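Take a look at the structure below.
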Amino acid sequence: MDKFLLIKDAYGSVQALASDQMKDLIKSLKEQSSVCVEGTVLDRGKDRNNKIPTGQIEIDAEKIEVFNSIPNALPVYNSSTELTRLTHRYLDLRSEKMQLALRFRAQIISKMRRFLEDECAFVDIQTPTLSHFTPGGANEFPVPANDSGEFFSLPQSPQIYKQLLMCGGIDKYYQVAICYRDEPTKPNRQPEFTQLDLELSFLLKKKLFV
């Protein structure tokens, strides 16, 4: 098995077959080492594995360049505790589960944008994230300004700005907004979260539910 190398990137994995001269190099590599493999893509023939997307092919490796070798096993695996995963978040993002989640999130946002803009004529407008203090149901995060004693606040929501947009003649507004609320962290309460924010003007109830 020292002749085989499983290569992974953000888009999938493929098996590489190395020559006898490369066996020692492959044996010394730990999982998640960063490498560049050059070679010829071959049909696996009778050894095809139809259970995986790239199971019909393999790479006949002619050159393996090690960019960064992992000296020891990485602390993050699928069975790691939540604390370990969060401590080493940059490594946790390498997992297939996290890769799929982030790409799925991006696809959802993209589809929402296309629907709102192409079919409903909404306008995507970014509102300020440095705002003035607006007392409400939650505390706000203060951001010190250069002027002594002055500060900004991170917005709990784009509420004020989107209403001003309605006054300015923008009748259909939306944005994927990041909001901030200085509250104790709970499963349903986060200090920073993302929401799809919408506002429409001169809208009848009947039209809203169409």
D (Stokes-Einstein, µm²/s), Kirkwood Cα radius, the range 4-68, 1.002 mPa s at 20 °C
174 µm²/s
Net charge near Pro71: determine it from the other residues with C-beta under 13 Å of the C-beta of Pro71, scoring Lys and Arg +1 and Asp and Glu -1.
0
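Please report the net charge: other residues with Cβ closer than 14 Å to the Cβ of Tyr11, K and R +1, D and E -1.
On the way: positive: Lys8, Arg94, Arg103; negative: Asp9, Glu96.
So the environment of Tyr11 carries a net charge of +1.
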With Rh as the Kirkwood radius over Cα pairs, the range 37-115 has Rg/Rh of 1.10
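Please give the calculated 222 nm ellipticity per residue for the chain, where each DSSP H segment of at least 4 residues contributes -39500 (n - 2.57) and the sum is spread over every residue; nearest 500 deg cm²/dmol? Walk me through the numbers before you get to the answer.
Values: 6 runs with 48 residues, N = 210.
Computed ellipticity for the chain at 222 nm equals -6000 deg cm²/dmol.
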C-alpha long axis of helix 96-114 to longest principal axis of the chain, angle in °
40 degrees
Neighbour count of at most 16 Cβ within 10 Å plus DSSP loop: longest trypsin sites (Lys or Arg not before Pro)-free window in the chain
95-210
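Expressed in nm to one decimal, what extension gain is obtained for the pair Glu96 and Asn68 from 0.36 nm per residue of sequence separation less their Cα-Cα distance? List each step's numbers first, then the result.
Working: separation 28, 0.36 × 28 = 10.08 nm, distance 2.07 nm.
Value of the extension gain: 8.0 nm.
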Most positive-pole-ward Cα, Gln99, Cys36, Gly149, against dipole of the chain from beta carbon charges:
Gln99
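Show me the three semi-axes of the equivalent ellipsoid for the range 33-174, from the C-alpha gyration tensor (sqrt of 5 times each eigenvalue), largest first, rounded to whole Å.
Semi-axis lengths for the range 33-174 are 48, 25, 15 Å.
Say a site is exposed when it is one of the GluC sites (Glu not before Pro), sits in a DSSP loop, and has at most 13 other Cβ atoms within 10 Å; what is then the longest site-free stretch of the chain? The partial results should precede the final answer.
Details: sites that count: Glu31, Glu150.
By the stated rule (loop sites, at most 13 other Cβ atoms within 10 Å), 32-149.
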Please tell me which of these pairs span more than 29 angstrom C-alpha to C-alpha: Lys186/Lys207; Lys111/Lys206; Lys51/Lys186?
Lys186/Lys207; Lys51/Lys186
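No lab work stands behind these numbers, since they all come straight from the coordinates. Because the structure is predicted, anything quoted here is derived from the model rather than measured. Quick reminder, even Gly has a Cβ in these numbers, built from the backbone with ideal geometry, and neighbours come from all protein chains shown.
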